[in-house]
Amino acid sequence: MLAGEHYIADDPELIADATHAALAAERFNATSADDPDTRRELLGQLLAKVGDGVEVRPPLRVDYGYRTTIGDNAFLNFGVVLLDVAPIGIGADAQLGPNVQLLTPTHPVDPELRRAKWESASPIAIGDNAWLGGGAIVCPGVTVGENTVVGAGAVVSRDLPANAVAVGNPARVVRYL
C-alpha cells in the first residue's frame, strides 16, 4: 500500500489503524466550538502534521490520519473527507469548502481483482493558497497548483496548474489568474 501497489484493505493491521483513526476523529468531532485548544490537540494526534493557525471544522472524516499533512493557516470547513490511504498534502493558506473530498484510494477496473477486494492509492497534493469550493472532489493522484481555485462541485480528475480557475465535471481550466 505504501509503495502504491495493490493491497487488501481488510488486512488486520490496516483495520486496526483505521479503527484508531475513526475513534480519534470521533473524539475530535465531539469537541465543543468553544474549546479550540482541545480541538487542536486532538487534530495533532490524528494527523501527521498540522501547521500553525490551522482551523478544521467538525465533522472531519479520515481513513488513517497519519498520511495527511496540513500547512500553516489552512482552513477546512464542515464535512471534509480525507481518504488518506496514500499521502495527502494540503498547502499553507489553502481553503477547503464544506463537504470537499480528497480521495486517494482507487479500485481495479478488472472485475475479478475488484471482487477479490484489491485496492490501490495515489497521493493528492493541494498547493499553497488553493481554494476548493464546496463539494469539490479530488481524485487519486491529482495535484492542484498553488493559488488555483476549484469551483463548487467540480470533479478534479487531472492535475491543475498553478494560478488557474477550474470548474465542472471533469474540472477544466476556464481562466488563469
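So that you can scan it fast, the table gives a plain yes or no per residue for (1) in contact (Cβ under 8 Å) with a residue 24 or more places away in the chain; (2) surrounded by 15 or more Cβ atoms within 10 Å (Cβ to Cβ):
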residue	(1), (2)
Ala136	yes, yes
Val144	no, yes
Val149	yes, yes
Gly153	no, yes
Arg158	no, no
Ala162	yes, yes
Gly168	no, no
Val174	no, no
Leu177	yes, no
(message) Quick check on segment 151-174. Is at least one of its residues hydroxyl-bearing (Ser, Thr, Tyr), assigned to a strand (DSSP E or B), out of contact with any Lys or Arg (no Cβ under 9 Å at 6 or more places or on another chain) and modelled with pLDDT of 95 or more?
(response) no
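Applying the selection to segment 84-105, what residues are open to solvent by less than 50 Å² (accessible area, probe 1.4 Å) and over 14 Å from Gly133 (Cα atoms)?
Filtering segment 84-105 down to residues open to solvent by less than 50 Å² (accessible area, probe 1.4 Å) leaves 84-86, 88-92, 94, 96-97, 100, 102-105.
Asp84, Val85, Ala86, Ile88, Gly89, Ile90, Gly91, Ala92, Leu103, Thr104, Pro105 - these are the residues of segment 84-105 that are open to solvent by less than 50 Å² (accessible area, probe 1.4 Å) and over 14 Å from Gly133 (Cα atoms).
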(message) Go through segment 111-150 and report how many residues are in a loop (DSSP other than H, G, I, E, B), within 30 Å of Asp11 (Cβ to Cβ) and in contact with a Pro (Cβ under 8 Å, 6 or more places away or on another chain).
(response) 4
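The values are calculated or read from the model by the stated rules, or taken from the named source; none is laboratory data. Predicted model only: the values in this text are computed from it and were never measured. Cβ sites come from the backbone with ideal geometry, for glycine too, and all protein chains shown count toward neighbours. All accessible areas refer to the heavy atoms of the entire protein, side chains included, with ligands and DNA or RNA removed. Shrake-Rupley method; radii C 1.70, N 1.55, O 1.52, S 1.80 Å.
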